[in-house]
Amino acid sequence: MVETKVPSKEKRGFYLKMRLLHTKYGRAQEKSCFFKYYKWFLWLSLSLYLFSSYFITNNNPPNKPTSLTKTHVSNAKTILASRALFESTNASHLQESTDDQGLLKDLKIFVYELPPNYNTDWLTNERCTKHLFASEVAIHTALLNSNVRTFDPYEAHFFFVPVYVSCNFSTINGFPAIGHARTLISSAIQLISSEYPFWNRTQGSDHVFVASHDYGACFHAMEDVAVADGIPGFLKNSIILQTFGVKYKHPCQEVENVLIPPYIPPESVRTTLENFPVTGRRNIFVFFRGKMEVHPKNISGRFYSKRVRTVIWRKFNSDRRFYLRRHRFAGYQSEIVRSVFCLCPLGWAPWSPRLVESVVLGCVPVIIADGIRLPFPSAVNWAEISLTVAERDVGNLGTILEHVAATNLSTIQKNLWDQRNRRALLFNNQVQEGDATWQVLLALAGKMDRSHESSSQGSRVFS
């Protein structure tokens, strides 16, 4: 063991005294010397700075600024451009918002209070408010709580007829059975036309219905049957809010219509995004979950999805880049939010709920449905946030998507992740600025020429 030597009291006192003397005189002198040279250094630096500033200023031509390096110029331009873009975008959005509010300020809609067998009785099945056709319930609910609602039908521009025809679910396959739709709507029209004068005075031209089914107001899931049946005569003069729309002539859209998105419950989207942020990691390159028949010919003799989904399955089922699943999964939104590209092929009809789910969960929608018309193009710039692949090119999906991923994917995603897109495609129980019901109201505000009240006001002004 090493023994530590403790200095005696006399030695400790001498040591302490020397330390104090050193600190008092030696360090003070060092500090004084250092401070003296430090002042000289500062004075010399200041003199050089003033001299060089004078020299530079007088050797540049008048009004000509000192040149910047290219890096500084580039950075300055980038900052200014970014700021200008930010201010321009926000100014444009603010202007659009103000304009929209102006359009809706005077809009008045009367909502008929029909007996519950036409609507609320169907709500005993909770699926009625959540499935892909549930916009008929969501729009009705939002209008009841909206500022545009009027209880005075004589000041109304439009009349909303709340009939739920999509809540009669088949006991065989669970899908909505809409065979009763024509009878139920016809009955509602007979009721309102006998109790109110408003239908008869315009033959229903200012009356609004929702037809959120495969082929709209043709009320059938099979296109050939829908076309053969056509739109019932009692609806042909009205305004139909429908999910079906194509860019070519089609019997099921030969009516005044507003194209709306299929319904996706907003609360399910919020829950998913709380767990998986839209800008989070995406480890699935191409995603699709849904019906993909190995043999596309249905038992009815029809070809499902015009064989498109069958080609996708056969061609890419074993491709590691493609995450394809044929069976339902309750948590499929967690798969969408982790995917880069989401396939949105046609089914029986051109549209599908995947269009909305992809956009609101930040997955680039790959639309495979020739001639499809998309909802709310004034609010959602589909060309900047999605890809369209022709049905005949579906076999080249791998090459097409790899090319996009290597070129402009980041630009598409930046546009896609703008919250205004998500807002415009979701229905809420109360109208929110910019949401899907808001877009419907804007569309109706653009159809004032069909309103009896607007025509009457015009006549009074010019009389």
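The values are calculated or read from the model by the stated rules, or taken from the named source; none is laboratory data. It should be emphasised that the depicted structure is a prediction, and the values quoted were computed from it without experimental measurement. Methodologically, a virtual Cβ is constructed for each residue, glycine included, from the backbone with ideal geometry; neighbour enumeration extends over all protein chains shown. Areas reflect the complete protein model, heavy atoms only, side chains present, ligands, DNA and RNA absent. Shrake-Rupley method; radii C 1.70, N 1.55, O 1.52, S 1.80 Å.
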Item to check | Selection within the range 356-409 - under 20 Å from the mean Cα position of the chain (by Cα), within 24 Å of residue 314 (Cβ to Cβ) and open to solvent by 10 Å² or more (accessible area, probe 1.4 Å) | outcome: 372, 387, 388
Item to check | Extreme residue, most open to solvent (accessible area, probe 1.4 Å), among residues of the range 225-256 that are closer than 20 Å to residue 203 by Cβ and assigned to a loop (DSSP other than H, G, I, E, B) | outcome: 236
Checklist entry - Given the residues 205, 194, 166, which is the only one that is among the hydroxyl-bearing types (Ser, Thr, Tyr) and in contact with a Lys or Arg (Cβ under 8 Å, 6 or more places away or on another chain)? => result 205
Item to check | Boolean, residue 136 is of a type in the set (Asp, Glu) and open to solvent by 70 Å² or more (accessible area, probe 1.4 Å) | outcome: no
Next on the checklist: Restricting to the range 313-355, and then to whatever is aliphatic (A, V, I, L, M) and modelled with pLDDT of 95 or more, can you tell me which residue is nearest to the chain's Cα centre (by Cα)?
Outcome noted: 355
Item to check | Near pairs, Cβ below 9 angstrom, 6+ apart or cross-chain, from the range 204-217 (closer than 18 Å to residue 252 by Cβ and open to solvent by 10 Å² or more (accessible area, probe 1.4 Å)) to any residue that is at pLDDT below 95 and aromatic (Phe, Trp, Tyr) | outcome: 214/348
Checklist entry - Is at least one residue of the range 425-444 closer than 21 Å to residue 157 by Cβ, open to solvent by 50 Å² or more (accessible area, probe 1.4 Å), out of contact with any Ser or Thr (no Cβ under 6 Å at 6 or more places or on another chain) and outside any helix (DSSP H, G or I)? => result yes
Checklist entry - Of all the residues that make up the range 159-186, how many are touching a residue at least 40 places away in the same chain (Cβ under 8 Å) and part of a helix (DSSP H, G or I)? => result 4
Item to check | Given (1) open to solvent by 20 Å² or more (accessible area, probe 1.4 Å); (2) farther than 15 Å from residue 453 by Cβ; (3) in a loop (DSSP other than H, G, I, E, B), number of the condition residue 127 does not satisfy | outcome: (3)
Item to check | the range 296-312, subset closer than 22 Å to residue 262 by Cβ and part of a loop (DSSP other than H, G, I, E, B), residue modelled with the highest pLDDT | outcome: 302
